[in-house]
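J.: Submitted below is the structure of interest, expressed as structure tokens.
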Amino acid sequence: MPTQPFDTIVIGSGTSAYYCITALAKAGQSVAVVDERPYGGTCALRGCQPKKYLVANAEARAMAHHLEGSGLSAAPQTNWEALHSLKNAFLDGIPEGEVEEFEKLGVQNFFGRATLSGPNTVTSMAILLKPRT
Ligand SMILES: Cc1cc2nc3c(=O)[nH]c(=O)nc-3n(C[C@H](O)[C@H](O)[C@H](O)COP(=O)(O)OP(=O)(O)OC[C@H]3O[C@@H](n4cnc5c(N)ncnc54)[C@H](O)[C@@H]3O)c2cc1C
């Protein structure tokens with residue numbers, strides 16, 4: 001298996017990785033990032049951000065339901081298809097945008113699972129995400 005040296009290898013591309021990667025790359029380090037899932041991590045793709053659409057909808061419905069008969073005639077129904085389209089429209093392009101941002105900073109982007117195999121070694125069968133030409 002070929003080896004490649006980096007000043008820093010970051011496993012994961014979530015929020016914590018993002019700040020670490022951008023700061024180190026801007027400071028002149030050679031940085032590699034490897035993630036086995038689409039770039040962006042939990043917060044942007046599966047946690048904080050998408051959750052806000054679902055929670056806001058649920059809270060609005062719960063409040064309206066609570067006030068039914070007290071000035072509101074009927075609580076609204078959720079249009080699941082529209083709600084998920086809205087959420088997914090927000091998520092569209094996040095992984096590609098992050099890969100592109102890292103590329104511009106000279107970071108090498110790998111896609112696959114990484115394992116710590118020594119004090120200074122990360123092993124991965126990951127593939128290199130080619131910079132756009
Ligand atoms: C439903 C939900 C709602 C949330 N809402 C909020 C909120 O409102 N506010 C808030 O502050 N926090 C919220 N959080 C918590 C927040 O999402 C996490 O604290 C944050 O995402 C952690 O960021 P991270 O970069 O440490 O890890 P993650 O964003 O989880 O990134 C880890 C990345 O590492 C990759 N990875 C892990 N192991 C390997 C490996 N061996 N090889 C390759 N890749 C690997 C994973 O694929 C992943 O992409 C929420 C979480 C969830 C699940």
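J.: For the chain, list the cysteines whose Cβ sits under 4.7 Å from no other cysteine Cβ?
T.: CYS20
J.: Can you give me the long-range amide H partners of VAL10? Hydrogens built in the peptide plane at 1.01 Å from N, cutoff under 5 Å, separation of 5 or more residues or another chain.
T.: Here the answer is ALA32, VAL33, VAL34, since their amide H atoms fall under 5 Å of that of VAL10.
J.: How much accessible area does SER85 have with a 1.4 Å probe, in Å² rounded to the nearest 10?
T.: 70 Å²
J.: How about LYS130: which lysines have a C-alpha closer than 28 Å to its C-alpha, ignoring those fewer than 8 places off in the same chain?
T.: Cross-link targets: LYS26, LYS104.
J.: What 222 nm value per residue comes from the helices of the chain, counting each DSSP H run with n ≥ 4 as -39,500 (n - 2.57) and dividing by all residues, nearest 500 deg cm²/dmol?
T.: -13500 deg cm²/dmol
J.: I'd like the distance separating the alpha-carbon centroids of the stretch 1-43 and the stretch 88-113, in whole Å.
T.: 11 Å
J.: Most mobile of PRO38, PRO119, PRO50 per a Gaussian network model of the chain (Cα springs, under 10 Å)?
T.: PRO119
J.: Can you report the principal axis dimensions of the stretch 94-133 using only the alpha carbons, biggest first, rounded to whole angstrom?
T.: That works out to 33, 19, 17 Å along the principal axes.
J.: Excluding ligands, DNA and RNA, what is the solvent-accessible area per residue of the chain at a probe of 1.4 Å, expressed in Å²?
T.: 67 Å²
J.: Between LEU128 and GLU59, how high is the FRET efficiency from 1/(1 + (r/R0)^6) when r is the Cβ-Cβ distance and R₀ = 41 Å? Nearest 0.05.
T.: 0.40
J.: What's the percent breakdown of Cα-Cα distances in the chain across 5 Å bins, shortest bin first?
T.: P(r) for the chain, in whole percents per bin: 2, 9, 16, 16, 14, 10, 8, 6, 6, 5, 4, 3, 1, 0.
J.: If the cut-off is a Cα-Cα distance under 18 Å, which lysines reach LYS51, setting aside same-chain residues fewer than 8 apart in sequence?
T.: LYS87
The values are calculated or read from the model by the stated rules, or taken from the named source; none is laboratory data. Remember, predicted model here, so these are calculated numbers, not experimental data. For neighbour counting, all protein chains shown are included, and Cβ atoms are generated from backbone atoms with ideal geometry for every residue, glycine included. The area values use the complete protein model at the heavy-atom level, side chains included, leaving out ligands, DNA and RNA. Shrake-Rupley method; radii C 1.70, N 1.55, O 1.52, S 1.80 Å.
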